[in-house]
Amino acid sequence: MSRMRYTIMKVPYYEKYDGCSNIHVHIRVDDKLKADMIEKFANFALSVSDAVRVFLARINHECCFPAG
């Protein structure tokens with residue numbers, strides 16, 4: 001079983017503004033899980049960052065944790 005830990009840091013507005021709120025999310029996962037996810041997301045033409053954004057947007061839209 002993989003252990004996950006995350007940190008969310010707000011980036012000051014003056015560092016970069018790309019039209020979106022800038023928040024950096026650091027997620028620690030074991031090396032095998034990371035390699036597996038990179039490979040699986042690549043099949044959908046997604047990076048890990050893209051997949052996390054999709055996941056967070058879905059939770060925001062549905063106001064609940066996705067079932068599955």
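The values are calculated or read from the model by the stated rules, or taken from the named source; none is laboratory data. Note that this is a predicted model, so its numbers are computed, not measured. For neighbour counting, all protein chains shown are included, and Cβ atoms are generated from backbone atoms with ideal geometry for every residue, glycine included.
Per-residue answers, yes or no, for (1) aliphatic (A, V, I, L, M); (2) modelled with pLDDT under 90:
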residue	(1), (2)
ASP31	no, no
ILE38	yes, no
ASP50	no, yes
CYS63	no, yes
Residue pairs meeting the criteria (Cβ under 7 Å; at least 6 apart or on separate chains; first free of Cβ contacts under 8 Å to residues at least 40 places away in the same chain and surrounded by 10 or more Cβ atoms within 10 Å (Cβ to Cβ), in segment 51-63; second part of a loop (DSSP other than H, G, I, E, B) and not acidic (Asp, Glu)): ARG58/PRO66; ILE59/PHE65; ILE59/PRO66
Scan of segment 37-48 for residues that are surrounded by 10 or more Cβ atoms within 10 Å (Cβ to Cβ) and assigned to a helix (DSSP H, G or I), ordered by number: MET37, ILE38, LYS40, PHE41, ALA42, VAL48
